[in-house]
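This report concerns only the one structure given below.
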Amino acid sequence: MLDAILLEQHGVPAVAIVTDVFRATGETMAMSWGLAGYPFLDTPHPIANLRDKDLDARADRLVEPVVALLTR
Amino acid sequence: MLAGGGLRGDEVFGEIPGRNTVVVADKVAINAVLAGCRPDYFPVVVAAVKALCHPDFAYHGPASSTGGSAIVLVVNGPIRHRVGLNAGNNLFGQGTRANATIGRAVRLTMMNVMQTRPGFFDRATLGNPGKYSFCFAENEEESPWPPLHVERGCRPEESAVTVYASNSLYQVYNQLAATPEPLLRCFADALSNLGLPNVKGFNQALLVFAGEHSEVLAKSGWSRREVAAFLIEHARRPLADFKRATRLPGEPTASDETTVRALFERPEDVLIVSAGGRAGSWSACLPGWGNKWTKAVTAVIEEGSA
């Protein structure tokens with residue numbers, strides 16, 4: 001989340017993705033940088049123990065919203 | 001409270017860069033009052049807060065992690081006696097105002113000044129009771145070794161606090177050991193269980209040896225470094241153990257059965273303190289927060305005009 005905020009401050013388009021249980025933490029990070037409402041994406045928690053094909057499926061579902069945020 | 005530290009309210013103690021947060025003296029003083037500190041405790045709180053802001057501590061990780069670390073404060077030097085910090089019986093327990101309130105002031109400062117609130121920037125899954133307060137003094141007078149702060153570069157006449165992130169405390173028991181080796185095997189075992197968070201990198205551990213165990217080590221003449229070297233040598237397991245428990249990915253191979261992985265790398269990463277009661281065959285093992293990116297930081301306690 002912080003990386004995305006700092007990259008965008010330097011003019012590099014970026015998208016943060018968190019697992020859904022970390023939305024509140026992402027929102028807190030955005031607020032601490034004066035960016036309440038900063039858009040970011042989430043995916044269901046957890047991901048660390050997913051098989052490769054399940055992780056790929058998660059990534060596939062995120063492609064479209066990632067492109068939408070990068071080109072907003 | 002500010003006068004207790006010889007400080008102005010607008011003095012900056014440090015910052016938490018990733019959170020865009022600056023830590024200022026008056027806000028820390030408010031939290032020390034809330035915690036019930038006496039003004040003469042405040043220099044300890046200030047030094048601890050400055051240590052949390054040191055880049056080596058890398059605050060955001062241990063403070064935010066699901067691992068739910070307590071911030072352990074180990075106080076050394078003459079201030080221990082002046083403020084009445086406990087270094088003896090019931091070391092980690094209740095009953096001493098200085099221990100209870102200095103640690104509490106640091107946690108309240110984390111919550112109210114450093115934005116470390118549960119569910120938001122504090123993502124502890126379980127946390128631990130040490131997150132309320134975790135502060136104790138080393139029993140330098142009966143220790144087998146020089147004080148921890150001297151080991152870490154301070155002068156003996158200085159007072160200092162060492163801050164260290166640990167997500168658990170377990171007591172280690174051994175009543176029969178009369179020499180270091182069998183005693184320390186119990187610690188090496190405690191430091192290398194399969195549920196440890198730090199199997200992928202070398203981090204730190206804090207060991208607190210209480211009276212009976214300190215006496216065994218004192219009689220042996222083993223230095224801190226020798227104790228640490230023994231623990232590093234024995235806190236290791238075959239790679240296959242980690243793979244069978246899916247702590248490392250992949251199926252165990254034949255060579256994994258005989259290839260060992262050490263949990264610690266450098267003697268200075270095994271922090272060793274002597275404190276606690278004289279009676280009882282107990283000591284404590286406090287594994288570091290599960291990541292090599294945070295390091296314990298020792299800060300000199302400036303007593304100002306107090």
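Each reported figure results from applying straightforward, stated rules to the coordinates on display, with no laboratory input. Remember, it's a predicted structure, so these values are computed and weren't measured experimentally. In this analysis, Cβ positions are derived from the backbone assuming ideal geometry, glycine residues included, and neighbour counts consider all displayed protein chains.
Beyond 25 Å between alpha-carbons counts as too far, so tell me which of B:50/B:292; B:219/B:292; B:50/B:131; B:131/B:292 fall in that bin.
Working: B:50/B:292 21 Å; B:219/B:292 33 Å; B:50/B:131 18 Å; B:131/B:292 21 Å.
Correct reply: B:219/B:292.
If you model chain B as an ellipsoid using its alpha carbon gyration tensor, with each semi-axis the square root of five times an eigenvalue, the axes come out at 33, 24, 15 Å, biggest first. Once you reduce region B:244-276 and region A:7-41 to the center of their Cα atoms, the two points are 36 Å from each other. Rounded to the nearest 500, what is chain B's calculated 222 nm mean residue ellipticity when only DSSP H runs of at least 4 contribute -39500 (n - 2.57) each, over all residues? After summing the helix terms and dividing by residue count, I get -8500 deg cm²/dmol.
For residue B:243, a cut-off of 13 angstrom between C-alpha atoms picks up these aspartates and glutamates, skipping any fewer than 8 places away in its own chain: B:251, B:256, B:257.
Rg and Dmax of region B:1-64, based on Cα coordinates, read 11.8, 32 Å.
Ranked by the mean number of other Cβ atoms within 10 Å of their residues, highest first, the peptides B:250-263, B:154-167 fall in the order B:154-167, B:250-263. Sites listed here are chymotrypsin sites (Phe, Trp or Tyr not before Pro) in region B:223-306 whose DSSP assignment is loop and whose Cβ has at most 15 other Cβ atoms within 10 Å: B:293. Mean partner shielding of peptide A:1-10, defined as the number of other chain Cβ atoms within 10 Å of each residue Cβ, is 1. Taken as Cα centroids, region B:206-243 and region A:46-72 sit 45 Å apart, rounded to the nearest whole angstrom. Taking every Cα-Cα distance in the protein assembly as shown and sorting them into 20 Å bins starting at zero, the pair-distance distribution P(r) comes out as 26, 52, 21, 1 percent.
Put a dot 7 Å past the Cα of residue B:189, heading toward its Cβ, do the same for residue B:218, and the two dots end up 2.7 nm apart.
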